[in-house]
Each structure stands twice: as structure tokens, then as C-alpha cells.
Amino acid sequence: MKLGILAHTYGRLPVAELARKVAAEGFASVQLALLKAIADIDCSPGKLSPGLANHIAETFDREGVRIAVLGCYIDPVHPDRDARRAEIDRFKEHLRLARDFGCGLVGTETGSLTTFRDSHPLDYREQGWSVLRETMSELAEEAEKWGASLAIEPVAGHTLDSLDDFRRLLDEVPSTTVRLLFDACNLMNAQRLPAQDDLMRGAFETLAERMVLIHAKDLVFEEAGEGSEQPARRADRPVGDGLLHTDVLCALLKRHKPHIDISIEGVTAETARRSADRLREIYANA
């Protein structure tokens, strides 16, 4: 199994130190969010270049670590047009340089489902969807120019709330650059959890060809305080410390997506290695 980690799990470090740390922890790849992970190079918008990208990629490569995906977690439905434009432009810059970083993927989530609830109370979901479709169409067009792909992550409570929403996006943005970053935990809410096995099987049986990256973590649901009307809140945990049927996930990975890049989440620098070892154990026995 190809096991990696979010690079900023170890905080912001000089790139050479970060690469050594990731390798020493036994990970073969990273999901690299430049502004969150790299301390000694200015990676702000407009500062990136092919040479800088090559330098970072080569630094990781010397330690035997590959950049599997660039994390560029923008808000593609930001209600302020100028702010949204800045987010889109930053993502496009990552798409243009993804190959120079040694990968072809740039990942993001899709913003809150309720972004437009105040301004469009009767149809806020469709308003958000319309903005998302417009943004993703523009990003897909840019990705096609540069031989890159969008790694889009559906999350319960986000504009792309479910796998059905992802299927709808594929219909309405018919570009092969739109790919699936699959995080089973992020798709769960209290209502979906009892049917998690069916959800995961459905994902792999119908969307495996679009999957390009897996996030691996666990989850629990934390109740709000006594008397609160707030729903239980999903909270991340290391693999094996929560409610996800990780054995089912690993069996599906073996059957449908062998050697896909898997990125450990839900961990601290102190718990990352233990979580990785636990995932390897579950995978070996699945």
C-alpha cells in the first residue's frame, strides 16, 4: 500500500527538514499544502515558478518521498466575488505548476452548504450549487490546458454534500479532469453512519475510475452539551480509534484500487506513526 501523510501534520518546517521528517516516519508520499507546511520558502500567490516547484520536489525526492497531491483548499463558493476570484486564481496557479511538483493533482473541498442561506433563504442550496458549478467549470478548463486534475473532496455539510452530488457534478461539468478525493469519514453524518458499508461499497462500485486519492482516518460523534439543540458533531480520530469500518474500506481498496495513494489524517505528529501501523495491519488482514 502506498501510504502518505498531510505534510503539515508536522507543522511548518524548512522544506529539507520536513522531507527528512516525513521519510523518517516511514511515509512514502505527502499531500502538500505549501502555505501550511513550508517555512523557509515564500509560496504565496505569484511567488511560485517551475524552478521553485522543481526545487521542492527534488528535495522530497532525495529522501524517497513523492508529492502525491498539492493541497489548495479554497472556498469555491465564497459569497464575495473578489475573494472568490482570488481563491480561483490561486488554485489555477497550482494547476499550472502541478507537473513541476512531480504530481498531477490539486485538491480542494467545496465550501459550506449554507453559504447563501441568508441571501437566498428559499433556494440557498441551488444558489451555492450554481456558483460551485461555475467555479469548477472554470478550473476544469484550466486543468485541461496543463494536463492536471482536480481532486475534489465531498464532505457532509458542504456544497458537495454527498456522492450523489459528486455524480451530479460529473454530469454538469463533463471533464475528465474532475476526479474524486475519497474520504469516507468526511462523508458521514449521524444519519449516514449506520449505512456506512453500503455507502463505501457504492462509492467503489460506481466511482472507482474517478478516485485518485484516499484520506484515511477515523471518526466519532461528540454530543453537544445537555439541553443543546445542536446535532452531534463529527470529530476526527486516528485510524482504529473510532466508528469507521476500516476493514471494509481496506477490502474495497484491495479489490478496486490497489496502490492508490492513501494519505493519513486525523492525527498529530505524535500519533501519526501508530495510526499508519494500525492501517497497515488492517489492510494486511482485510
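The values are calculated or read from the model by the stated rules, or taken from the named source; none is laboratory data. Predicted model only: the values in this text are computed from it and were never measured. All Cβ positions, even for glycine, are placed from backbone atoms using ideal geometry, and neighbour counts span all protein chains on display.
Here are the numbers for the structure shown:
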read-out	value
Pair list, Cβ < 8 Å and 6+ apart or interchain, from the range 257-273 residues that are buried (at least 16 other Cβ atoms within 10 Å of the Cβ) to residues that are of a type in the set (Asp, Glu)	Glu265/Asp183; Glu265/Asp236; Gly266/Asp218; Gly266/Asp236; Ala272/Glu25; Arg273/Glu25
Residue in the range 226-242 that is modelled with the lowest pLDDT, counting only those that are of a type in the set (A, V, I, L, M) and surrounded by fewer than 16 Cβ atoms within 10 Å (Cβ to Cβ)	Ala232
Those residues of the range 266-286 which are farther than 21 Å from Arg201 by Cα and either polar (S, T, N, Q) or not in a helix (DSSP H, G or I) (or both), in sequence order	Gly266, Val267, Thr268, Ala269, Glu270, Thr271, Ser275
Sole residue being within 19 Å of Arg233 (Cα to Cα) and surrounded by fewer than 22 Cβ atoms within 10 Å (Cβ to Cβ), chosen from Ser119, Ser162, Ser130, Ser175	Ser162
Criterion (in contact (Cβ under 8 Å) with a residue 12 or more places away in the chain, aliphatic (A, V, I, L, M) and buried (at least 22 other Cβ atoms within 10 Å of the Cβ)) met by exactly one of Ala86, Ala33, Ala19, Ala39	Ala19
Top-ranked residue in the range 8-63 [being part of a helix (DSSP H, G or I) and basic (Lys, Arg); ranked as nearest to Leu97 (Cα to Cα)]	Lys36
Pairs, first in a helix (DSSP H, G or I) in the range 187-202, second β-branched (Val, Ile, Thr), C-beta under 9 Å, six or more apart	Leu187/Val155; Gln196/Val248; Asp197/Val248; Met200/Val248; Arg201/Val248
Val248 vs. criteria of a type in the set (A, V, I, L, M) and in contact (Cβ under 8 Å) with a residue 60 or more places away in the chain	no
